[in-house]
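The values are calculated or read from the model by the stated rules, or taken from the named source; none is laboratory data. What you see is a predicted model, and the numbers here were worked out from it, not measured in a lab. Backbone-built Cβ (ideal geometry, glycine too); neighbour counts: all protein chains shown. What goes into the accessible areas is simple: the full protein's heavy atoms, side chains included, and nothing from ligands, DNA or RNA. Shrake-Rupley method; radii C 1.70, N 1.55, O 1.52, S 1.80 Å.
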Amino acid sequence: MSDVAQGPGETRAGTGAKHGGALGVLLGCFGGTKAAGKARRGLDAQLKAQGAALLDSVVVQVSAKHKASVYDPRRVVQGTLTAALTWGLFGLVAGGLKSLAIWAILGAVCGGLWAYYTEHLLRKDELARIGARLPASSSALVIFAESSDPRSLLKATAAHAPATASVAAVGDDLGARVFAGATDPIEVSRSPGGGVIPPGQTAPTSMIMLRYPGTGTAKQIAAKAAPTSKKAAAASPVQVELVIWADPGGRRHVADPSQGVKAWAKADLVSWGLFGLAGAFGGGGVHSFVSDAVVTGIGWAVFGLVAGALYGLWAGRAVSARRLKGLGGLLAPGSSMLVAWADGPVSANTIDTFTAPGSQRLILRFNAIEGGAVLEAA
């Protein structure tokens, strides 16, 4: 698959990253399925001590049989706590303090497991492709952080002996400089427009950032490009993770189309409502069902709406507007941005769906190489 050429009305991002609050995307690959998770804990503390503001992190594990799994440690913790809170409140309303304790424990277990296994955008076929292209019994760590010196993020990984390590420093102009090597970082050449993947390299996935001059443009394009069915979603090469916009006054807003407040509230409204209907029917036969089911179903649906909204707000969304405060230069007042993940390298036809007059874009490819993967700006 060829690289992306500049589209109509699109401005190709620059090649330099400004200092003093650049977005750093760190990728480190390790030998051992648990190594990345262990390294993350030490790196978090080390990067904070260096003055970096951590935005998000993702851990990838590849088994001995090349089976890949992905989890976001922060979402797992927040998913556990959010489910414990909402389920516990339900237990309190339904049966008092004893019921609160039981339901809170059940919620914590179920919420933690749900967040661990499902709080990511990758489909089974994508996980299978990533697992096949990364070394067996290995792991990888992706960290998004704000730093005045993104190369310091890379140097911090040296103590954890990564098999491969690279960092992309993204500037306010959406230009990116990529450095590779934990102990002696060197700058990696940017992929030329219209170029192809170098021999021996493949890109299991790519991250896309597109910025638009209009406040509502990113949301409109995300809605337009959204799959209309589960079958279409399974075949779609791109999945939108975040829509970010800044109003004319400079206030930032963040929406997550698939894991955010709206998505979870809608899902829990239906599931909890149906659960309430089932409970009413099981509790007292047909007559009880006819008289109480509607009230019970509505009550549970309302509770599900609240629980889903809280889950989407605290656990489902990747980052918040507050956490992006230091990256204000990436999003000028009256503009918007879309962050998405693509299945493999990105073709011109794919990116055309998301472009608009005056838009700018940056594509970071995660190229598989011997020992792991490295980043490349395209």
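All conditions in (1) open to solvent by 30 Å² or more (accessible area, probe 1.4 Å); (2) touching an Asp or Glu at 6+ places or on another chain (Cβ under 9 Å); (3) part of a strand (DSSP E or B) hold for E146, with the sole exception of (2).
Looking only at the stretch 165-178, which residues are part of a strand (DSSP E or B) and either in contact with a helix residue (DSSP H, G or I) (Cβ under 6 Å, 6 or more places away or on another chain) or surrounded by 21 or more Cβ atoms within 10 Å (Cβ to Cβ) (or both)? Result: A165, S166, V167, A168, A169, V170, A176, V178. Taking first residues from the stretch 155-173 that are hydroxyl-bearing (S, T, Y) and partners that are open to solvent by 40 Å² or more (accessible area, probe 1.4 Å) and part of a strand (DSSP E or B), the Cβ contacts under 9 Å between residues at least 6 apart in sequence or on separate chains come to T164/I369; S166/V188. Among the residues of the stretch 311-339, those that are at pLDDT below 60 and in contact with a helix residue (DSSP H, G or I) (Cβ under 6 Å, 6 or more places away or on another chain) comprise Y311, G312, L313, W314, A315, G316.
To keep it simple, each residue is scored yes or no on (1) of a type in the set (G, A, S); (2) open to solvent by 40 Å² or more (accessible area, probe 1.4 Å); (3) outside any loop (DSSP other than H, G, I, E, B).
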site	(1), (2), (3)
L324	no, no, yes
V346	no, no, no
T350	no, no, yes
A356	yes, no, no
I363	no, no, yes
F366	no, no, yes
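Only residues that are at pLDDT below 85 and of a type in the set (K, R) were counted across the stretch 63-84, and they come to 2. Residues of the stretch 81-140 being over 30 Å from G32 (Cα atoms) and surrounded by fewer than 15 Cβ atoms within 10 Å (Cβ to Cβ), which ones? Within the stretch 81-140, V93, A94, G95, G96, L97, K98, A101, I102, I105 qualify. Applying the criterion of being among the charged types (D, E, K, R) and buried (at least 20 other Cβ atoms within 10 Å of the Cβ) to the residues of the stretch 60-80, the residue that is nearest to the chain's Cα centre (by Cα) is D72.
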